[in-house]
Every structure is written in C-alpha cells, then in structure tokens.
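Before any comments, here is the structure.
Read-outs throughout are calculated quantities, based only on the coordinates presented, and are distinct from any laboratory measurement. Since the structure is predicted, the reported quantities are computational estimates derived from the model, not experimental observations. Please note: Cβ atoms are built from the backbone with ideal geometry, for glycine as well, and neighbour counts cover all protein chains shown.
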Amino acid sequence: MISPPTMTTHRPDVPVHRLSRRQLIKHTGAFVAAGLVSGVMGACSRGNTATQRTGREPSTITVLSSFGTFGRDAYLWVAKAKGFYDEAGITVDIQPGAGTGSNISAMAAGAAHFASFDAMGGILAHGAQVVEGGDGAGIRLLALAQQRTLAAFLTLDPDITDPRDFAGRTVAVAPGGGTALLLPTWLQHHGVDPGRVEVVHFPPPELIPVLVQGVVDVADQYVVGVPMVEAAAGRTPTVFPIGDTLSDALGVGIWAAEDVAQKWPDLCRRFRDATLKGLAYALEHPDEAGQILHQADPTSNPDHAAEELRLMQPYTFTAPNTPLGAVTTTQLARAIALLEATSAIPAGTTPDDLADPAVMLGGTW
C-alpha cells in the first residue's frame, strides 16, 4: 500500500487567491466580456476559423468539446466517425475545448458555432454578463449531455472527510471552469464561508499532478476523472460530488452561439440530433467509442475514455418516455433558482435568457 503523500501548503510561486462568491463570478464575467479565447481561439484561427455568420448556412461548422479529448466528450468524435453528421448534411471540424469560459468566448468571437460546456457555468456566465452591464453570454442551450452535474472535488488527505474540512485548505481549480464557478455556492450549502478557502488557479492538465504531489489539499475534477487520479496516485481519492448536494445542478450542455440559433435553427436541430445519436452510441459502445477517440487523438487513452463513459452513463438518464438529452424549462428554472438563492447570479434570470423552443430538445414554454 502506498502511503499518503505529505500534504503541504501552496508553493510561494503558486498564485493563490481568497475569492468570494461575488469575486469568482465577476472574474468570469470579465473573462467572457473581454473575449479572451486562450489556446482554442488560437487553434481555430490557424486555418479553422469559423465561417462568417452571414447569408447561407456555413459549409463547415466548428465544434468545441467541453475540454480536451477525454471520454466524457467522445460522443462528438463518435457522431463524426459513425456518419451521423454526414447523414444530417453537416460537415464538422471538432476542436478540443478549453473549458466553459474559453468556449463561450470562442463562440462570441465567431471562432466556433457550437460547443459543449457546463450548463451551470453557462448560466453563471450569463449572470456575470448582466452584472457587467451586458445583455447576456450570447448562448443558446440545445440539449444536455448529462442531466446532473459530473463536477466534484477530490482529495487524497485522510483528514478531509467532510466539506466543512475545506475551511483553511487550498483548493485547486481551473479558472472559468464550471466546477470552480460552483465552488462558492456548494461551500455555502455546507455552511462554509467561501472566504475561508484558498483558491489556487491551475490549467486543467495540472490539477491531478498538483493533487498527487501534495501541492494542494483538494482539486477540481469530474466524477468520471476518478480513475485517472487512482492511476496517478496509486490509491482511491475521497470524492465530493457537487450533485449530491446541489441536486438541481445540471451537467454539461450542448450549446449554440445565439446568432447561429437565430439564423440557422434547422442547422441547430440537425446538429443537436446527430450529436445525441453519437452520445447514445458512445454510451452503448464505450470500448468502441474509446478507440474512435484514440484514432482522433493518439494521446488519449482508450481504456480511460471507455471507463469515463461507463461512469457517466447514470448521469445521462432522463425521465421515463423522455429522449436522451432532453431538457425542460422547469429544469432550467430550478438550476437558475439554485444560483439565485446564493446571489451567484442576479435575480430575474429566466429560461428564455438561455434557451429557445425552436432549437432546444424537450423545451416547453
């Protein structure tokens, strides 16, 4: 048995911030408002820039995964490999995404037509834009890849067994990511003042290494990422799934840029349905989906991808007689109310601000 690593405080060279709920949301709002598009924007601009959104339906659409090339996003590559997009008359260019804030910025900048990213993060980004004096984040929800959030916090410290143990600890998060944005609300639900938690920003690929090395006490991660932590640490981490507390928190959504939804609603419906066919196939054939992802990106681990899909499956279940990926205005309203209750977003946000019945699967107005 591998002994637990020594848990240390943050390194002097690691940027540490004590962020309140308000500061986190304002940080994200500024991030989106400024149109910062990290590496994804650069990748798209180097020969894959989205078609100008005027006139006819674009010949090729640019799609961003929620983050990188992990099993949780394999359904996009599966839909392409199995010909589902071809059947819908769509040519797609799938790019690895870089998280909620970056993906929203990419769509706002015209570098992507569609993207997967955390639905709660999308709601928070809309609220942040309103706080900054804008009209919203310019996004429209098409469907849900997961009905419940996969977001979680992981620790290898045996002394952290309860969310209340986060007080006085260092938590590593990916700035602008959905999990980071939900952290203050989640802490408040457990009676923890967010100001008592040190938030450290790391790029997503570094979250697991800094956790395993003992640089931080807790790390932002998805539930489906547990096998990767186990492989790196040689033991099982303690997992704090956000959805166990915030039951109305939605999972990853499939989104369109607002102007795309307005100009080409038929394209949005065709893309949505083809993507959901890919999701259904990936969930039913996780091993094959892992291999498809590996063919698209040889650096991805097909076994890990397949295991992620197996772990993700329970989070995709919908109500009886409800199609995979469907989302209702009631679900959106509850998710909005969850964030309004802790002042994470301003009061007055409605499902109409984020969705359109012409393009959202299962929407009822």
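Charges only on Cβ, +1 for Lys and Arg, -1 for Asp and Glu: so what's the dipole of segment 143-254 about the Cα centre, in debye to the nearest 20?
Numbers: 5 positive and 12 negative charges, 35 e Å.
Rounded to the nearest 20 debye, it is 160 debye.
Does segment 183-255 come out rounded, prolate or oblate by the C-alpha gyration tensor, with a ≥ b ≥ c the root eigenvalues, rounded set by a/c under 1.5 and, if not, prolate when a/b is larger than b/c and oblate if not? Judged from the Cα gyration tensor, segment 183-255 comes out oblate (a/c at least 1.5, b/c at or above a/b). What residues of segment 62-86 lie in the reach of a label at Q295, counting those whose backbone N is under 16 Å from a point 7 Å from the Cα along Cα→Cβ? The answer is 74-86. Along Cα→Cβ, 7 Å out, is where each label goes; now give me the distance between the ones at Q313 and E284 in nm to one decimal. Distance between label points: 1.3 nm. Secondary structure note: in segment 145-247, about 60% of the DSSP beta bridges are antiparallel.
Relative contact order of segment 209-340, taken over Cα pairs closer than 8 Å and 6 or more residues apart, is 24 percent. Dipole orientation for segment 222-298: of the candidates H285, A296, T238, A296 has the Cα lying most toward the positive pole (charges on Cβ; Lys, Arg +1; Asp, Glu -1). For the pair T350 and H190, a Förster radius of 25 Å applied to the C-beta separation gives a FRET efficiency near 0.35, rounded to the nearest 0.05. If only the Cβ of Lys and Arg carry +1 and only the Cβ of Asp and Glu carry -1, the dipole of segment 184-314 around its Cα centre is close to 260 debye. The length gained by stretching the chain between D86 and A167 to full extension, at 0.36 nm per residue less their Cα-Cα distance, is 24.1 nm. Spin-label pair S59-E206: with each label point 7 Å from Cα along the Cα-Cβ axis, the two points sit 4.1 nm from one another. Charge dipole of segment 290-365 (Cα centre as origin; +1 on each Lys and Arg Cβ, -1 on each Asp and Glu Cβ, all else neutral): 220 debye, rounded to the nearest 20.
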